[in-house]
Structures are given as C-alpha cells and as structure tokens.
Amino acid sequence: MPVEIIRPLYFILPIFFTNMAAHRFGGGTPVDFGRYFYDGKRIFGDGKTYSGLVGGIVIGTLVSMLQPCIYPTLYNDLASSFIFGLIISSGAVFGDTVKSFFKRRLGIERGNPFPIVDQSDFVWGALLFYYLLGPLLLPDFFALPVEWLAVILIVSPFIHFVGNILAYRLKLKEVWW
Ligand code: CTP
Ligand code: MG
C-alpha cells in the first residue's frame, strides 16, 4: 500500500480502537437512562452505554499515546498525543451516539443496520471534533491535506466493514454488520 494511504490511516487509527473498546466494554446503564423521546421511541437505545463511551475514549486515547513509540505520526509528544487522542475518540463516540439518535427517529431498531452510516459515523464525528476542538486545544494544530481527508473518509468505512466481518467470524460480535 502506498505511504499516502498508510499515513492518514495511521493518523486516524485510534478511533478504530475506540469503536472496538466501546463494543468490548459496553453494557450497563444506557446513555439515555432508558428514556423515550417525544416520538415514543428511545432517545438513543440500549446500544449506547456510559461504559461504552468511557471505555472507547480511554482506549482510543491510550492508543494515540502509544503510537509515537511505534512510528511517528502528526502528534508525537506526550501532551499532544494525549489531547489528540482525547479529541478524536470523543468525536468518534459522539458521532456514533448521534447516529443512534437518528436511527431511532427513523424507526430503525437498536442493532439493526443503517448501511454506510453505521460504517462512517465514528469517522465524521472524529473529524468534526478535530476541526472544532483541535485549533483550540492543540498548540500545533495541523489542518489535514485534502488527500488525507479523502483517504480517511473513503477507506475507513471499508476497514470498519471488513473488521466487523472478521470479528463476527471470530465470534467476537453477534452480527456481521
Ligand atoms: N456499545 C455501548 N456503548 C456505546 C457504543 C457501543 O455499550 N457507546 C456496545 C453495545 O453493546 C452495542 C455494541 O457496542 O450493542 C455495538 O455498538 P453499535 O453497533 O454502535 O450499537 P448497536 O447495538 O448497533 O445500536 P444502534 O442501532 O443504536 O447503532
Ligand atoms: Mg450496530
């Protein structure tokens, strides 16, 4: 794979761990505390829990802090790799939670597929937080080249998709989507 594809994907790598950790550590109290929205449907549903949010953010941030030990990326010192990891992991779980809000409004039951959106929510959530919070919190904020954005937005959903099928085949996940 050419380095132009690997570098942006390595940059965004922590959010894949955020997703896995949310799944692995999730369960328990739902974010919406079981409450219903005006339309009579759940606000987010039982698939969004506090342990998933916290587990996802903690693991994603740790991965971001470990990355520079393996190979340099854009934020390599301890403080900025921590802040960067926190920003994109929070963005990833935010995107996932907002996605569930809209799934419920559209009448899609918790756990049922919403193609393309299910595979990309964490990516646009992370990028949104990166561009909103990065300039404020990262001393050496770096605006991504448009090619990087394209690679991240286009390739990540495929990785998510293939990763989910693998996790399903390995019996780590109940559904293949
Ligand atoms: N999970 C969690 N908390 C989160 C995110 C995920 O507990 N914030 C766990 C839940 O057990 C969830 C599983 O990870 O069922 C898979 O996550 P996801 O596919 O995002 O949730 P779904 O169950 O498919 O729910 P939805 O239809 O709302 O996307
Ligand atoms: Mg799902």
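Each reported figure results from applying straightforward, stated rules to the coordinates on display, with no laboratory input. Every value quoted in this text rests on a predicted model; they were computed, and no experiment measured them. Here Cβ is always computed from backbone atoms with ideal geometry, including for glycine, and neighbour counts include all displayed protein chains.
Could you grab me the full set of residues in the stretch 98-109 that are within 12 Å of ligand 2 (Cβ to nearest atom) and under 20 Å from V54 (Cα atoms)?
K99, S100
So the check is Cβ under 7 Å with 6+ separation or different chains; which pairs have a first residue in the stretch 101-129 that's at positive phi and a second one that's away from ligand 1 (no atom under 12 Å from the Cβ)?
So the pair list comes out as I116/P157.
For the stretch 34-54, what are the residues that are of a type outside the set (D, E, K, R) and in contact (Cβ under 8 Å) with a residue 24 or more places away in the chain?
Answer for the stretch 34-54, where residues must be of a type outside the set (D, E, K, R) and in contact (Cβ under 8 Å) with a residue 24 or more places away in the chain: F37, I43, F44, G45, G47, S51, G52, L53, V54.
What's the number of the only condition in (1) surrounded by 15 or more Cβ atoms within 10 Å (Cβ to Cβ); (2) assigned to a helix (DSSP H, G or I) that A150 fails to meet?
Failed condition: (1).
Scan the stretch 66-123 residue by residue and report those that are of a type in the set (V, I, T), within 15 Å of ligand 1 (Cβ to nearest atom) and buried (at least 19 other Cβ atoms within 10 Å of the Cβ).
Within the stretch 66-123, V93, T97, V123 qualify.
Helices (runs of 4 or more DSSP H) wholly in the stretch 1-117 with at least 3 residues that are among the small types (G, A, S) - which ones? Break it down stepwise before answering.
Values: elements: 3-12, 14-25, 50-70, 78-105.
Result: 50-70, 78-105.
Please enumerate the residues belonging to the stretch 24-42 that are β-branched (V, I, T) and either closer than 14 Å to I108 by Cβ or within 16 Å of ligand 2 (Cβ to nearest atom) (or both).
V31
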